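What follows is a short report on a single structure.
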């Protein structure tokens, strides 16, 4: 089965840490929506699999679109694909967009999962990140969504924010637990060059937290949430049982997906394709896509990378089946020192990073890549 992704590249305010493709020129929403409908009609054949399991509206800020516009995309998808087994339809939303009226209309669209960009329940931290909501708004948004009938709610949390330590993070985690949500994505702040934080760092007025702070805060999140009954199923993701993010899980499992909109990515099992990250050029329609065809080495390295991001890890039998017994043997040889150090573990045909050690995943994964 396949996934369908819509990239809505608009924001009312640009967050200080964000380097995703987006625009604050909301006047372009109408033309982009129209172009996305045309693109979906034209590109539906990109997917070899006509059955959809998931639909995801990401951004940007998809909740800047009216629910009826969201519904128009879902209805169009149902006319182009087999949606009879659609399990998950997610909308990313900012808390201050989720008014009672908006939620009531959204509940009639087919969206059955909300991913709410809370990031923090500390007003000072929110101001520093240039978020446009307050802690009180975030709490109210989650509760209103629950009252509107949404029972599969994910919340984003950012940690590793300079100037805000473990006490702030501990309060944020308790707020999330008190709200009774089903999924938490906890992302370590990354200071990217082409962002407000990046420019501040270049001037010397902002520095990332040190490694010890990163590890302390990461382990605080891991232990707090797993002790509360959440599964730590991917580096940055925690969920109640049976509430994993199906759409994102499909990315990690190598399933095909079609991306619609400026800067959206697609994968058909062999080829990766991406739309131009420029609204003007996207609307013009010329030279809209870049692409690459994956080699056997590319596919192997992606399997290693995406599998080791997840708690279940790599299926060694599947590696042998897809890439040959020699590749399986070489993988285990490369893994030996990491297993001895406790950074990797093996159970039968499963090779995985213990979740407590996920912070080392980049180094472990790089050591296991097929280099030549």
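Details
- For the pair the stretch 293-320 / the stretch 226-258, the C-alpha centres are spaced 17 Å from each other.
- Virtual paramagnetic centre 7 Å along Cα→Cβ of residue 228, amide N under 20 Å, in the stretch 129-143: 134-143
- Using distinct alpha-carbon pairs, which all enter the 1/r mean, Kirkwood radius of the stretch 96-189 in Å: 13.6
- Centroid-to-centroid separation of the stretch 1-50 and the stretch 265-287 [C-alpha atoms, Å]: 10
- Contact order, relative form, for the chain: 16 percent (alpha carbon pairs under 8 Å, 6 or more residues apart, mean separation divided by residue count).
- The chain, helix-only ellipticity at 222 nm - DSSP H runs n ≥ 4, -39,500 (n - 2.57), divided by all residues, nearest 500: -12500 deg cm²/dmol
- Look at where the Cα atoms of the stretch 128-206 and of the stretch 326-372 average out, and the two centres are 31 Å apart.
- For the stretch 1-105, convex hull of alpha carbons as volume per residue, Å³: 114
- The stretch 295-372: relative contact order in percent, alpha carbon pairs under 8 Å with at least 6 residues between: 38
- Cubic angstrom per residue, convex hull over Cα atoms of the stretch 214-266: 106
- Convex hull of Cα atoms in the stretch 264-325, direction-averaged projection (nm²): 5.3
- One quarter of the convex hull surface built on the alpha carbon atoms of the stretch 2-251 amounts to 13.5 nm², the projected area averaged over directions.
- Ratio Rg/Rh, restricted to the stretch 295-372 and using Cα atoms, in which Rh is the Kirkwood radius: 0.92
- Remark: relative contact order (the stretch 1-83) = 47 percent; criterion is Cα-Cα distance under 8 angstrom and separation of 6 or more residues.
- Peptides 212-219, 60-67 ranked from most to least packed, by the mean per-residue count of other Cβ atoms within 10 Å: 60-67, 212-219.
- Overall size of the stretch 180-285 from C-alpha positions, given as principal axis extents largest first: 50, 45, 27 Å.
Where a number appears in this text, it was derived from the coordinates with a stated rule and is not lab data. Nothing here was measured: the structure is a model prediction, and the numbers come from that model. Positions of Cβ are generated from backbone atoms using ideal geometry, with glycine treated the same way; all protein chains shown enter the neighbour counts.
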